[in-house]
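The values are calculated or read from the model by the stated rules, or taken from the named source; none is laboratory data. The structure displayed is predicted, hence computed values, not measured ones. Virtual Cβ from ideal backbone geometry, glycine too; neighbours counted across all protein chains shown.
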Amino acid sequence: MSTVMANGNREVFVRSGQKNDQGNDVIDNVSRVTISTGNIANWNSLKSRKVTQSPSKELYHSLLKTLTDWSNKDAHVLNNKETVAIRRASEQERIDDTERGLVKVAVKIFLHKLNVDYIREAIDCALAELNIAFVDTVYLALPPIEEEKFIEVVPKFWKEMERLHEDGLTYQISTCDLDKPKLQALIHHAKTTPEVNQVNLTSCCHMPEELVAYAKQVKVLLHTHGDQPIMLPNESLTELTKGVYPSCNQTWNTNWVVRYAAVVKCRGVIKSKGYIASFEVDDNEAGSS
């Protein structure tokens with residue numbers, strides 16, 4: 001099955017159980033890969049791990065299992081392509097129209113590169129994975145940025161988030177890891193104020209008082225989270241790909257990671273949870289080839 005991506009590249013969806021005549025060197029022949037884990041909520045291999053494992057470790061093991069299972073199953077891949085999308089079809093859990101109103105869907109986008117186009121790309125992938133037209137909440141986690149540069153880049157990224165809201169792709173848009181100066185800078189340029197600002201409390205035990213006071217003033221809710229600033233570092237990605245494909249000669253960089261969760265309203269039961277990750281060949285390596 002193939003489709004056309006916004007950038008014009010052909011995207012090849014690889015499904016478990018199909019035949020692959022090219023062996024396990026598929027990712028050596030493409031410049032970009034997107035991996036979708038499908039619903040990991042029922043994976044016994046993850047349940048057997050420590051409940052306290054970090055989100056980045058959960059992501060790593062989910063991607064490793066997906067890539068390993070796909071590699072062992074062998075799948076057919078079209079020729080003359082630049083992008084391959086690996087999906088565990090057997091783990092895909094779509095939400096049909098009759099149950100959409102009973103489920104709340106939240107998506108968190110972890111940008112690893114400052115490319116505004118990745119926001120819409122990541123949301124489109126999440127919507128397609130769950131077979132839905134909109135999500136209830138989108139959280140945007142930018143890579144670590146110094147305050148001076150943040151003020152320069154935040155307007156265009158938040159404007160793209162506002163477009164998601166205006167286009168009906170999400171009801172709420174929210175931010176992550178903004179201290180008071182950064183939240184002030186964003187709101188100064190914002191047409192739509194973030195509903196929530198997630199604060200990482202892994203390194204401290206309480207919310208900064210000045211942030212709490214300002215958030216209350218501008219009516220932004222503060223929630224806590226335990227995600228890492230960089231969910232899939234390039235070093236971990238290299239370890240991941242080399243672990244499955246020892247002969248892989250390409251160096252990969254992470255573009256973005258999405259985590260989605262569909263929760264049954266009033267009951268708090270997780271119907272579906274999964275990750276989607278996009279990565280590509282290192283720019284320097286691609287340019288020299």
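Summary of values
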{"read-out": "Identity of the residue in the stretch 165-177, closer than 19 Å to VAL220 by Cα and not polar (S, T, N, Q), that ends up surrounded by the fewest Cβ atoms within 10 Å (Cβ to Cβ)", "value": "TYR171"}
{"read-out": "Cβ pairs under 6 Å, 6+ apart, first in the stretch 189-208 and within 18 Å of SER54 (Cβ to Cβ), second among the hydroxyl-bearing types (Ser, Thr, Tyr) and assigned to a strand (DSSP E or B)", "value": "VAL199/THR224; LEU201/THR224"}
{"read-out": "Some residue of the stretch 157-176 being hydrophobic (A, V, I, L, M, F, W, C) and without any contact (Cβ under 8 Å) to a residue 24 or more places away in the chain", "value": "no"}
{"read-out": "Residue satisfying all of: in the stretch 59-85; out of contact with any Lys or Arg (no Cβ under 8 Å at 6 or more places or on another chain) and either modelled with pLDDT of 80 or more or of a type in the set (D, E, K, R) (or both); surrounded by the fewest Cβ atoms within 10 Å (Cβ to Cβ) among these", "value": "THR68"}
{"read-out": "Helices (runs of 4 or more DSSP H) contained entirely in the stretch 196-289, each with at least 3 residues that are modelled with pLDDT under 85 and small (Gly, Ala, Ser)", "value": "283-288"}
{"read-out": "Any hit, the stretch 92-102, residues being under 16 Å from ALA277 (Cα atoms), touching a residue at least 24 places away in the same chain (Cβ under 8 Å) and over 14 Å from the mean Cα position of the chain (by Cα)", "value": "yes"}
{"read-out": "Checking ALA277 against (1) under 28 Å from LYS180 (Cα atoms); (2) buried (at least 20 other Cβ atoms within 10 Å of the Cβ), the condition it does not meet", "value": "(1)"}
{"read-out": "ILE145 vs. criteria crowded, with 18+ Cβ neighbours inside 10 Å, at pLDDT 85 or above and among the β-branched types (Val, Ile, Thr)", "value": "no"}
{"read-out": "Positions within the stretch 193-211 being touching an Asp or Glu at 6+ places or on another chain (Cβ under 9 Å) and within 23 Å of CYS125 (Cβ to Cβ), in sequence order", "value": "GLN198"}
